[in-house]
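The values are calculated or read from the model by the stated rules, or taken from the named source; none is laboratory data. As the structure is a computational prediction, the values presented were derived from the model and not from experiment. Cβ placement follows ideal geometry from the backbone for every residue including glycine, while neighbour counts extend to all protein chains displayed. Areas reflect the complete protein model, heavy atoms only, side chains present, ligands, DNA and RNA absent. Shrake-Rupley method; radii C 1.70, N 1.55, O 1.52, S 1.80 Å.
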Amino acid sequence: MTTTVLPRVTYLNVRTTVASWLLTKDHKRIGILYLLVVSFAFLLGGIFAAGVRIELTTPEGDFVSADTYNRLFTMHGVAMVFFVLIPAVPAILGNFAMPLMIGARDVAFPKINLLSWYVFVIGFLFTLAAMLFGGVDTGWTFYTPYSSQASNSNVLLTGIGVFIAGFSSILTGLNFMVTIHRMRAPGMTWFRLPLFVWALYATSLVQILGTPVIAITVLMLALERALGFGIFDPRLGGDPVLFQHLFWFYSHPAVYIMILPPMGVISEVLACFSRKSIFGYSFVAFSSLAIAVFGFLVWAHHLFVAGISPYSAMVFSFLSFAVAIPSAVKTFNWAATLYRGAIWWRAPMIWVFGFIGLFLVGGLTGLFLASLGLDVHLHDTYFVVAHFHYIMVGGAIMGYFAGLHYWWPKITGRMYSNGLGTLAAMLVFVGFNLTFFPQFILGYLGMPRRYHAYPEEFQVLNVLSSAGASLLGIGYTLIACYLLYSLWKGEEAGANPWGATGLEWKTQSPPLPENFAQTPIVREGAYEYAKRETKVA
Amino acid sequence: MVSGIPLFPEQASTLAPEVDNLYFFVTAVTAFFALLVVVVVLVFAVKYRDRTGEKVGAPIHGSLPLELGWSIIPFFISMAIFAWATLVFFHIVRAPDQTLEVYSTGKRWMWRFQHIDGQAEINELHVPLGRPIRVIFTSEDVLHSLYMPAFRVKADAIPGRYSSIWFTPTQVGEFHLFCAEYCGTRHSGMIGRVVVMEPNEYQAWLSGGGSGMSMAARGEQLFQQLGCVGCHLPDGSGRGPSLLGKYGIQETLATGATVTIDDTYVRESILTPQMKLVAGYGPVMPTFQGLVNEQGVMSLIEYVKSLPRTGGPPAAAQASAAGAPAAAPAQGPR
Ligand SMILES: [Cu+2]
Ligand SMILES: [Cu+2]
C-alpha cells in the first residue's frame, strides 16, 4: 500500500461528542448507529434461540415451561426478522456504502435518514418493552384468531413496535430510491452502477410497496384485539384466513427485503476477489428487479393447507416456481464469474463461498415447498424451519458478514485478522449445516414446528441440531472479538486494501465527512478489473 | 432412548408412496444442481486461485446463450416438478366417492373424533385397514392443523369452516397424529394416535364402544328439539323447503346462483341462514348460533345426509325412534 498513515480528518473523528453522533446527518455514522442497535438485537435473538435449542435437546419439555418456550421462539423470530434481517444489510451496509458507491456526498434526505433511525429505535424499544414485561407468544407470524383473542401475552405492544419499525423501513426505502435516481456522480449511468446498488433499488421498491400492508394488517389486529372489531375472528363475523393473506402479502416480499441486499453484497465481493467483471451484469441486475416484482405474486404459497381452493393453490405454486428462476440465474452467474478469474482467497471471499453453498440449499429446498403435493406433508414441519433458516441465516446473514468483512476496513480504517475471519466463516458454515441439515430430515419425518416437547424418536437429530447451534454461537462470538480487537490493534487499512474498483475505495479509509475531496467522475463500468495495468499499488 | 437415527417416515397410506416418489425425484434433481454448482465453484476457486491478489481475471462479461440456457432449462425442469406435484396434490385433496366419514373438532388442546355410529374418542382415532377414510373437521377456538405424517396428509382446522383430509390406511398399527398449527401453551401436547385395525377387529371395536346413538339419530333428536321440524316438513308444505334427499344436489339461491348442498352449506344454513337464501323463500329461518354446538351441527348434517331421496322416514330415524343403538356403520354414498 502506498500510504499507511491514518488520515487526519475522517467522519469518525471530525467530532466526537455523544451529541454529534445522536444528531448526525452523515449516512456513514447513521450506518454505524444501526450497526449498534442491530447487533444488540442479534445478540438478544441469539440468546432466545439458545433457550430454544437447549429445551429441544430432550424430548420432554423440561428446561423451561411450555409458555416460556412459546415466548422464546416467538421473540427469537420477532427480534431476528424485524430488527436484524430486514435492517441489517440495507440500513447498515447500504447506508454506509451506497452513497459512496455512487459518488454522492450523502443520501438525498439526510435528516429523514436520521429520523428513520430514531423511528427504528422507538419501534425496537416498544418491542423490547413487550419482551421485558412478559414477552409475546404468538409466533412471529401473529396468526389470528390466536393473536387477536386467545393469547394473553403482550401482542399489542409487540405489534406497535413492529408497526413503528415498519415506517423506518419505508423511509429508508424512499430515501435510497431518490438517492439512486438523483445523486449519482457524473458519468455514473444506470448500467455502470455496482450491483449492490441495483439490489438496494429493488429492495426499496419492495419496502415502499409492501411495508404499508403489514402496517395496516397489524393495525387491524390491534383494533380487533383491543376494541373487538370483527375482522379476523369468525365469532365476530371475521375471517381468520384473511389475516394470513394480508400478512404474507407483505411477509413473503419481506423475504426479498432480507435476501436481495445480501445478494448485492455477494456480487460486489465476488467481483473484487475474482478480479473480474460479474458475469452477465445486466441479467444479475434485472433478476433483482424481477424477484422484487414477482415476489409480490406468491404469498398464498404459505396457505396451501389453509383452506384455499385447489385451483388458486395451483396458480400460486406455478408462480412460486417461476420466481425461483431469477435466483437460479444469479447463482449460475456468480459461479461463472469465477471462471478464469484471479481468485484471491481473503476472508470476505470465504464468506461468499459459504453463502453460495447455503443459499443453494435454501433455494433448492424451496422447490420442495412450492410443490403442492409435497407441501401438504411438509408445511408447518421442521422442513420449513430448516428451509427458511438456510435462506435467512445461511443466505442473508452470511451475505451480511461477507459485506461487513469487505467494508470493515473502509468503515474503521483498520484491518482485522484475515486468519480469524476465515476461521469464523468456516466455523459458521459447519455449525450452520450441523444445526439445520438434520431439521430437513426431522421435517420429512413429520416433526411439527413450534413443539415444546416431542416424541422420543426425534431426539438424536435434535441433539445434533443443538450441537451445531453451539458451534454457530462460537463462530459469531469470534467475529465480535476480532472485529472489536481490530479497532485497537488492527493494521491501518489504507484507501483500497482489496484493490477493488468501486468509488468507495477511491477515497480515504475511513472516508472524509463529505466522502470525497472532489466529486468523482465515472468513465467506466463497475468492475473493469481487466482494464487495469495488472497491478495496483 | 432411541436406537439409530430414523431417516424416513413410515408409509402407511396409499398416498404415502405417491408423495415419497415425488420427494425422491425432487431430491434427485435438486441434489444434482446443488452438486453441479458446488463442484464448479470449488474447481474454479482452486484452479484460478491467485495467492498474490495482484493479477486480474480474464475480460469476460457474459454470454447470451448461457444466460438463456440456464434460465430455460431450469424453467422446464421446474415445470415438470410443478405438474407432477399438482397431480399428487389433487389426489390428496380429492377424496374418492365412497369414504367412511369421521367428524372431528379441534379445541385447545385436544382432538375429539366422532364416528357416525356414535362412538366418540379423544386424541385417538380408530380406523379400519384398506377403507378410504375421510375426516371432516373444524375448530372450536383458534387455528389447529390435523396432521398424520405416516399418511402424508394435513389440513388446517379453521373455526367457522369445515376442512377435510382423506386417506386409505395400508398398514395395521399405531401412527402419530399431530396438531401442526401453533395454538398456544400445550400445542405440542395436542397429539394422539391413529389406530389402524383389521376390518373385523374394527367392527368389534365399533360395537364394543356401546355409546348408543348414531350421529344421524342424534341429529334427528336435535332436529325435533330445536324445532327445525316445524318448518321443514317432509312434503315441503312448511315454511321452509323439504330437506328430503337434498344433500349433494344443486340448490338455486334467491340471487340466482347455484350451490351444491354439502357439509359447509348445511352448516351455514344453520348458523347464518340469512346469508344464502333458497329461491322462493323469505328470510324467516332464525340463526341457531349459540343454541347448538359444533358436534350438534355435525350431527344435524349427518341427519340431513341420511334423509332419503324419496318420502318415508330414514333408516337412522327409525332406529332411534325405536330407541335401539345402530349397530352397523351407516355411512351412505355421497
Ligand atoms: Cu413466501
Ligand atoms: Cu396446535
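With the cut-off at 27 Å, report for segment A:118-257 the share of all Cα pairs above it, as a whole percent.
When all Cα pairs of segment A:118-257 are counted, 31 percent exceed 27 Å.
Considering the dipole of segment B:185-312 built from charges on the beta carbon (Lys and Arg +1, Asp and Glu -1) around the Cα centre, which of B:GLY290, B:GLN224, B:GLY248 is farthest to its positive end?
Positive-end residue among those listed: B:GLY290.
Taking the Cα atoms only, what angle lies between the long axis of helix A:27-55 and the longest principal axis of chain A, rounded to 10 degrees?
That works out to roughly 40 degrees.
Could you list which residues have their amide H under 5 Å from that of A:ARG449, counting only those 5 or more apart in sequence or on another chain, with H placed in the peptide plane?
Residues meeting the criterion, in which the H sits 1.01 Å from N, are A:THR381, A:TYR382.
Can you work out the Karplus-derived ³J(HN,Hα) for every residue in segment A:274-280? Use 6.51 cos²θ - 1.76 cosθ + 1.60 with θ = phi - 60°, whole Hz, and x for glycine or proline.
Ordered by residue, 3J(HN,Hα) equals 9, 6, 8, 6, 4, 5, x Hz.
If you take every residue apart from B:PRO74 with its C-beta less than 13 Å away from the C-beta of B:PRO74, what net charge results, scoring Lys and Arg +1 and Asp and Glu -1?
Spelling it out: positives minus negatives among the neighbours equals 0.
So if I place +1 on the C-beta of Lys and Arg and -1 on the C-beta of Asp and Glu, and nothing else carries charge, what would the dipole magnitude of the protein assembly as shown be about its Cα centre? I want it in debye, nearest 20.
Result for the protein assembly as shown is approximately 3240 debye, rounded to the nearest 20.
Once each part is reduced to its C-alpha centroid, what is the distance from segment A:469-537 to segment A:5-54 in angstrom?
When both Cα centres are located, 18 Å separates them.
Charges only on Cβ, +1 for Lys and Arg, -1 for Asp and Glu: so what's the dipole of segment A:23-506 about the Cα centre, in debye to the nearest 20?
1820 debye
As I understand it, the value is the acute angle between the Cα axis of helix A:310-337 and the longest principal axis of the Cα atoms of chain A; what does it come to in degrees, rounded to 10?
Approximately 30 degrees, to the nearest ten.
Looking only at other chains, what is the average number of their beta-carbon atoms within 10 angstrom of each beta-carbon in A:438-449?
Per residue, the average neighbour count from other chains is 5.
Specify the angular offset, from 0 to 90 degrees and rounded to the nearest 10, of the alpha carbon long axis of helix A:398-412 from the longest principal axis of the alpha carbons in chain A.
40 degrees
Let me know the charge dipole size of chain B about its Cα centre in debye, to the nearest 20, where only the beta-carbon of Lys, Arg (+1) and Asp, Glu (-1) is charged.
That gives chain B a dipole magnitude of about 480 debye.
What order do B:THR264, A:THR519 take when sorted by accessible area (1.4 Å probe), most exposed first?
Greatest to least solvent exposure: A:THR519, B:THR264.
Just read off the accessible area of A:LYS531 with the full protein assembly in place, 1.4 Å probe, to the nearest 10 Å².
Rounded to the nearest 10, the figure is 140 Å².
Report the A-B buried area as the accessible area lost on both sides summed, probe 1.4 Å, in Å² to the nearest 100.
So the buried area, both faces added, is about 7900 Å².
Normalised by the number of residues in chain B, what is the relative contact order in percent for Cα pairs under 8 Å and 6+ residues apart?
16 percent
Could you rank B:LYS276, B:LYS47 by how accessible they are, 1.4 Å probe, largest area first?
B:LYS47, B:LYS276
Out of A:MET258, A:PHE286, A:GLN508, whose Cα points farthest toward the positive end of the dipole of chain A (charges: +1 Lys, Arg; -1 Asp, Glu; placed on Cβ)?
A:GLN508
Mean residue ellipticity at 222 nm from the helices of chain A, using -39,500 (n - 2.57) per DSSP H segment of n ≥ 4 over the full residue count, to the nearest 500 deg cm²/dmol?
Using -39500 (n - 2.57) per qualifying helix, the result is -21000 deg cm²/dmol.
Hey, what's chain B come to in accessible area per residue, 1.4 Å probe, Å²?
Per residue, chain B has 45 Å² of solvent-accessible surface.
Could you look at the protein assembly as shown and say what percent of its accessible area is carbon and sulfur, using a 1.4 Å probe and all protein chains?
Here carbon and sulfur together make up 66 percent of the probe-accessible area.
Could you go through segment B:184-190 in sequence order and give the Karplus-derived ³J(HN,Hα) for each residue, using 6.51 cos²θ - 1.76 cosθ + 1.60 with θ = phi - 60°, rounded to whole Hz, and x for Gly and Pro?
In residue order, the calculated couplings are x, 2, 9, 3, 6, x, 8 Hz.
Under a 5 Å amide H to amide H cut-off, with H placed in plane at 1.01 Å, what residues pair with B:VAL278 once short-range neighbours are removed?
B:ALA254
Hydropathy first: keep DSSP H helices in chain B averaging at least 0.5 on Kyte-Doolittle, then drop any whose Cα extent along the axis falls short of 27 Å, and list what survives.
Span-like helices, by this rule, are B:15-47, B:64-93.
From the residues A:VAL522, A:GLY161, A:LEU35, which one has its Cα farthest along the dipole of chain A in the positive direction, the dipole being from +1 and -1 charges on Cβ of Lys/Arg and Asp/Glu about the Cα centre?
Going by the Cα projections, it comes out as A:VAL522.
A:ILE216 accessible area, nearest 10 Å², 1.4 Å probe?
90 Å²
I'd like the per residue volume of the convex hull spanned by the Cα atoms of chain B, given in cubic angstrom.
224 Å³
Enumerate the lysines that B:LYS154 could reach by cross-link, defined here as Cα to Cα under 29 Å, with residues fewer than 8 away along the same chain left out.
B:LYS107, B:LYS305
If you scale each eigenvalue of the Cα gyration tensor by 5 and take the root, what three semi-axes come out for chain A, rounded to whole angstrom and sorted largest first?
Semi-axis lengths for chain A are 38, 25, 24 Å.
Please report, in whole Å³, the volume per residue of the convex hull around the C-alpha atoms of segment B:215-321.
91 Å³
Report, by chain and number, residues whose modeled amide H sits under 5 Å from the one on B:SER13, excluding near sequence neighbours (fewer than 5 apart, same chain).
B:THR170
Got a sec to turn the phi values of segment A:174-184 into Karplus ³J(HN,Hα) couplings, 6.51 cos²θ - 1.76 cosθ + 1.60 with θ = phi - 60°, whole Hz, x for Gly and Pro?
Whole-Hz 3J(HN,Hα) from phi for segment A:174-184: 4, 4, 5, 5, 5, 4, 5, 5, 9, 10, 5.
Roughly how many whole Å is it from the C-alpha centroid of segment A:284-360 to that of segment B:140-215?
Centre-to-centre (Cα) distance: 37 Å.
Taking beta carbons within 10 Å but only from partner chains, what does the mean come to for residues B:39-45?
6
Quick one: compute the contact order of segment B:215-321, relative version, from alpha carbon pairs under 8 angstrom and 6+ residues apart, as a percent.
37 percent
Summing -39500 (n - 2.57) over the DSSP H runs of n ≥ 4 in chain B and dividing by its residue number, what mean residue ellipticity at 222 nm do you reach, to the nearest 500 deg cm²/dmol?
About -11500 deg cm²/dmol.
I'd like the accessible area for A:VAL315, computed on protein heavy atoms only with a 1.4 Å probe and all protein chains in place. Round to 10 Å², please.
Accessible area, nearest 10 Å²: 80 Å².
I'd like to compare A:59-72, B:175-188: which one has the highest average count of other Cβ atoms within 10 Å, and what's the full order after that?
Packing proxy ranking, top to bottom: B:175-188, A:59-72.
What is the average number of partner chain Cβ atoms found within 10 Å of a Cβ in B:76-84?
Mean partner-chain Cβ count within 10 Å for B:76-84: 4.
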